[in-house]
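In what follows, a structure is listed as structure tokens, so that the remarks can point back to it.
No value in this document is a laboratory result; all are computed from the given coordinates. All values derive from a computational prediction rather than experimental measurement. Neighbour counts are summed over all protein chains in view; Cβ atoms, including those assigned to glycine, are modelled from backbone coordinates with ideal geometry.
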Amino acid sequence: MIALIDYGAGNLTSVRKALTALGADFVVPRLPADIDSARGVIVPGVGHFAATAALEGAWLEAIARNVADGTALLGICLGLQWLFEGSDEAPNVRGLGVLPGRIVRLRGNAERRLKIPHVGWNALDFRALATTRSSPEGRGSRLLSGLDDGAQVYFTHSYAAPVTDACVAATTHSETFASVVERDNIFGVQFHPEKSSDAGLSILRNFLRVSAC
Amino acid sequence: MLTKRIIACLDVRDGQVVKGVQFQQLRHAGDPGELAKRYNVEGIDEVVILDITATLESRQALARTIDAVAREIFLPLTVGGGIRSEDDAAAAVDAGADKVSLNTAALKDPELISKLAVRYGSQAVIVAIDAKRAEGRYGVYVRSGTSDAARDAVEWAREAETRGAGEILLTSMDRDGTRAGFDCEMTAAVADAVDIPVIASGGAGTFDHFTEVFTRGCADAALAASIFHYAESSVADLKRHLRAHGIPVRL
């Protein structure tokens, strides 16, 4: 079973519809303790980093505890950003902090007509890690399994994560940022897999497989 | 590199897709769920559902239409037409819309743009501008193009951005349904004035019209209806044409 976390940032309808289409067994837990019976946790979210303040306390602790026990975690968009230590968008709100680094605002480039927010379809450039990193099975990225390098996915955001060791795919707008992160049982995507047609559904399906759901 | 988006517009009345010429002479064009599915297979980047009647009865039909489309395709979905309040926007979002498009209501109550931007984020708020040329300017019209709003499109687009709009959907009323090509001058004038993406609409007739609006018109996305509905040309063929002309697209 997957626990889909509702903390009031954006609405869950599209993620629910995608999970339903994939035949996933999922619930939207009412209480943090409900996460304990889940094999995978999805933290979605659209909007301002300040919204993740709703997760501070019991939710954050429950997610951290389960992830430490091996439960798979997928952060989508704002959910990916929340995996890091914090964000310049809301400096007083702390992230889950399971990945080192800080979320920063994209700069854009007026001369080259590169606008912020970064809205639309852009490519996933697989990093060497995507195919060579040692995962528990000794394979490459589990989240990107079956996808082609250069696959196009749908983004809509103004802030982004730095390219660190956890980055398995990067994307370039005015600058290059981490579009897919993966470390052991922790996964994050800056784009919206639930809005990225077949490529996005493949990624969600991979997460369900990793979660054994 | 960010690609140029091709958006299919479904003008919906009583749960069916219709299409007119210069906002008149509506005719049937099919079932929204079926059309959306076909467009998804062909590689459309986004879908817009415009409720062109927007009466109270049609509001429930609209929620069913949004739900039917959102079940079939996993692409960004925008809903517009008759969104006059936060409640209308919430109903569309709850039914499965990712973005709402405001037109008449935004001009009447510009605060609505900011309210929705705070509630759902700017990325979820599109301000739609219907404009036509008049004495060297671009005049804004409301109420499905029947009423002169006495505003300039460029100036209104700037204000919408300041108030929190995430994108501008700019429709040329002169070109709507004519297939005479997008109004590239007007699109470029608005695109130069704002830093948010501009979606060009109205007049798509040939593949070259899209090439023009992405180059000369400086559009970030282009929206069309008729050219796709009657299966005259496929989205995939259009994208191959654009790529061959150096326009980055998702294929």
Whole-Å distance, taken between Cα centres, linking region B:72-87 and region B:141-213
19
Only bridges whose two residues both fall in region A:133-213 count here: according to DSSP, what percent of them are antiparallel, nearest 5?
100
Expressed to one decimal in nm², the mean projection of the alpha carbon convex hull of the protein assembly as shown is 20.2
Can you compute the modelled spin-label distance between residue A:176 and residue B:59, with each label point 7 Å from Cα toward Cβ, in nm?
5.1
Write down the percent of antiparallel bridges among all DSSP beta bridges whose residues are both part of the protein assembly as shown, to the nearest 5.
45
Chain A: mean projected area of Cα convex hull, nm²
10.5
GNM, chain A, Cα, under 10 Å: largest mean-square fluctuation among A:179, A:37, A:141?
A:37
Loop only by DSSP, 12 or fewer other Cβ within 10 Å of the Cβ. Give me the GluC sites (Glu not before Pro) in region B:159-251 that pass, ordered by residue number.
B:232
With Rg from the Cα atoms and Rh as the Kirkwood inverse mean 1/r over Cα pairs, chain B has an Rg/Rh of 0.93
I want to check the label-to-label distance for residue A:112 and residue B:192. Put each point 7 Å from Cα in the C-beta direction and report it in nm to one decimal.
2.3
Going from the fewest other Cβ atoms within 10 Å to the most, one would list A:82, A:121, A:59 as A:59, A:121, A:82
Report the antiparallel proportion of the DSSP beta bridges in chain B as a percent, rounded to a multiple of 5.
30
Based on the Cβ-Cβ distance of residue A:148 and residue A:20, what FRET efficiency does E = 1/(1 + (r/R0)^6) give at R0 = 25 Å, to the nearest 0.05?
0.45
What number, rounded to the nearest 500 deg cm²/dmol, is the helix-based mean residue ellipticity at 222 nm of chain B, given -39500 (n - 2.57) per DSSP H run of at least four residues and division by all its residues?
-11000 deg cm²/dmol
Förster-model FRET efficiency, 45 Å R0, residue A:68 and residue B:245, C-beta, rounded to 0.05:
0.30
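Can you put B:135, B:72, B:86 in order of Cβ neighbours within 10 angstrom, beginning with the fewest?
Lowest to highest Cβ neighbour count: B:135, B:86, B:72.
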Can you compute the FRET efficiency between residue B:159 and residue A:88 using 1/(1 + (r/R0)^6), with r the Cβ-Cβ distance and R0 = 22 Å? Round to the nearest 0.05.
0.20
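In what sequence do A:1, B:1, B:173, B:186 fall when counting other Cβ within 10 Å, fewest first? Walk me through the numbers before you get to the answer.
On the way: A:1 14, B:1 9, B:173 21, B:186 25.
So the residues, fewest neighbours to most, are B:1, A:1, B:173, B:186.
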Zone of residue B:84's modelled label, taken as backbone nitrogen in region B:123-148 under 20 Å from a point 7 Å along Cα→Cβ
B:126-130, B:141-148
Relative contact order of chain B: what whole-number percent is it, with Cα pairs under 8 angstrom and at least 6 residues apart?
19
For Cα pairs less than 8 Å apart in space and 6+ apart in sequence, what is the mean separation divided by the residue count of region A:2-210, i.e. the relative contact order in percent?
20
